[in-house]
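Structure first, commentary second.
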Amino acid sequence: MSEANRWPTSEANRRLAVEFFERFGAGDVDGAVAMMSDDVQWWIAGKPEAISTAGVHDKEFMIRLFRRMLRQLTGGLQFTVLGTVAEGDKVALELVSRGTFADGRVYNNEYHTLLTFRDGRIVAVREYLDTAHVLAIWFPPEPAPAAR
């Protein structure tokens, strides 16, 4: 593919990547999910034995995860795109998120996410994030029982 023909696709993919996080941040899970291919593979950083959401997941798992997350947060999970780099079928994004639980806990994570596109749809995601923050906020330790 010539250099001249490569960039318009890269720019279209960059716009789609940003749109995906805008939709998710607006609570439009269905709209965000529609941007993913049926065979998408979504990898989340971390050790699966330590964080149940870590590892490679299919579309159905991600739909359940997105919905479960949004149900627990008052006002959803807002994303801010700090920067993007697009080349060919890949788009790298630097993002921050913010969401608040009913009990006042705040989830405010930082991400570097690599999306791969095919025919205008997301086919692969590699999501790097602060796993210690995920554990602390989404999986807080159970309080110790009161001494008798």
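Each reported figure results from applying straightforward, stated rules to the coordinates on display, with no laboratory input. This one's a predicted model, so the numbers in the text were calculated from it and none came from an experiment. Note that each Cβ is placed from the backbone with ideal geometry, even for glycine, and that neighbours are counted across all protein chains shown.
Some notes on this structure:
- Label point 7 Å beyond Cα of residue 119 along Cβ direction - residues of segment 47-84 with amide nitrogen under 12 Å: none
- Linear extension gain, residue 61 paired with residue 43, 0.36 nm per residue minus alpha-carbon span: 5.4 nm
- Ranking of 85, 91 by count of other Cβ atoms within 10 Å, fewest first: 85, 91
- Ellipsoid semi-axes in whole angstrom, largest first, where each is sqrt(5λ) of the Cα gyration tensor of segment 3-138: 25, 15, 14
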